[in-house]
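Student: Quick one: the structure is below, questions incoming.
The values are calculated or read from the model by the stated rules, or taken from the named source; none is laboratory data. Not measured: the values here are computed from a predicted model. Here the Cβ positions follow ideal geometry from the backbone for every residue, glycine too, while neighbour counts run over all protein chains shown. What goes into the accessible areas is simple: the full protein's heavy atoms, side chains included, and nothing from ligands, DNA or RNA. Shrake-Rupley method; radii C 1.70, N 1.55, O 1.52, S 1.80 Å.
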Amino acid sequence: ATDKIVLVDRNFYSYGYEGNVTDGAPNGFAFGMGGLEKTSFDSKEKILYGISEQGFITLIDYGNGPIDAPQLPIVITDKDTYTDIHVCSEQGILFASTKDDPNPGYVAIYKAATRSEDTVTEPELMHTIEVGYGPDMLAPNSDCSIVAVANEGEGDYDDAVGLINPEGSVTLIKGPFDDASTQPAVSHVSFPWTDDELLAKGIHLPLSLNAMEYWDDHSSIADDIDFSSARATYTGASVLEPEWLVWSADE
């Protein structure tokens, strides 16, 4: 017979701290939508990291097991929106990506939190790396020497300037990561294909250059939209929006 999944416990955690942080002390926990969008578990230190839409990294202490695991009073926040988080347990490295549409996003690289008896040290920021537009996923390779970043480059419509549709891309960040004085090497993987080349490969283009011309100039809603800026800066990469990455066996 197939084993059933049995609910053992349910814990509720805040998405961060409400209000300002004064002298390093949080003013209070806050709960709401988007509290734990993505998580990553440090199997060595027994700490679960989670990111919230509100711009906080939450640390949950599983050092004494899964029942009533406490949230650690550690404040890690960013002015932008967190999109992914990944901890490399053996290497003690934590990656967190943020986006600031329509501007390029960033990947913050930390020394992960460590445990000493009953004390957990706060993660230490080592590097902040600019990547492409709208980083959406982090994928370290097997030994965490390289982290790949899927930059979705998702479009956005602004009433003042019309459609903003940046290019999608992939960023590769190569360590070492644990030395703040040594900057990681950064390279960008672009998508150089034209619309015709993509269509010939059988790739569906949801908003090609021809499609934007139609909607912008000839459709029944042409007077209500403005794709002129997006058309002027268009490349095939504008409609390729990577959201997920996986490494090949040979990396």
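Student: Ignoring everything but the protein chains, give the 1.4 Å probe accessible area of GLU130 in square angstrom, nearest 10.
Tutor: Probe radius 1.4 Å; accessible area of GLU130 about 100 Å².
Student: Take the chain, mark every one of the chymotrypsin sites (Phe, Trp or Tyr not before Pro) that falls in a DSSP loop and has at most 15 other Cβ within 10 Å, then report the longest stretch left between them, sites excluded.
Tutor: Formally, the longest exposed-site-free interval is 32-243.
Student: Moving on. Would you rank ASP250, ASP156, ASP68 by solvent-accessible area, highest first, keeping every protein chain in place and using a 1.4 Å probe?
Tutor: Result, largest first: ASP250, ASP68, ASP156.
Student: From the phi of every residue in region 46-62, what ³J(HN,Hα) in whole Hz does the Karplus formula 6.51 cos²θ - 1.76 cosθ + 1.60 yield, where θ is phi - 60° and glycine or proline is x?
Tutor: Taking θ as phi minus 60°, the curve returns 6, 10, 9, 9, x, 10, 10, 5, 7, x, 10, 9, 9, 10, 10, 8, 9 Hz for region 46-62.
Student: Ignoring ligands, DNA and RNA, how do VAL107, VAL161 rank by accessible area with a 1.4 Å probe, largest first?
Tutor: Largest accessible area first, the list is VAL161, VAL107.
Student: Still on this structure: Quick one: how many Å² of ILE203 are accessible to a 1.4 Å probe, rounded to 10?
Tutor: 60 Å²
Student: If you rank GLU122, GLU117, GLU90 by how much accessible surface each has, with a 1.4 Å probe, what is the order from largest down?
Tutor: Output order, biggest surface exposure first: GLU117, GLU90, GLU122.
Student: Just the number, please: carbon plus sulfur as a percent of the accessible area of the chain, 1.4 Å probe, no ligands or DNA/RNA counted.
Tutor: Its accessible area is 50 percent carbon and sulfur atoms.
Student: Next question, about the same structure. Rounded to the nearest whole Å², what accessible area per residue is found for the chain with the 1.4 Å probe?
Tutor: 56 Å²
Student: Okay, moving on. For a Förster distance of 25 Å, can you work out the FRET efficiency between the beta-carbons of VAL161 and PHE12, rounded to the nearest 0.05?
Tutor: 0.05
Student: Would you calculate a helix-derived [θ] at 222 nm for the chain, using -39,500 (n - 2.57) for each DSSP H run of n ≥ 4 and dividing by the full residue count, to the nearest 500?
Tutor: -1500 deg cm²/dmol
Student: When the dipole is taken about the Cα centre of the chain, and only Lys, Arg (+1) and Asp, Glu (-1) are charged at their Cβ, what size is it in debye, to the nearest 20?
Tutor: Computed charge dipole of the chain: roughly 820 debye.
Student: What is the spin-label model distance, in nm, from TYR214 to ASP250 if the labels are put 7 Å beyond Cα along the C-beta direction?
Tutor: Modelled inter-label distance: 4.1 nm.
Student: Now for a separate question. Kindly provide the trypsin sites (Lys or Arg not before Pro) of region 59-156 that DSSP labels as loop, not H, G, I, E or B, and whose Cβ sees at most 14 other Cβ atoms within 10 Å.
Tutor: LYS79
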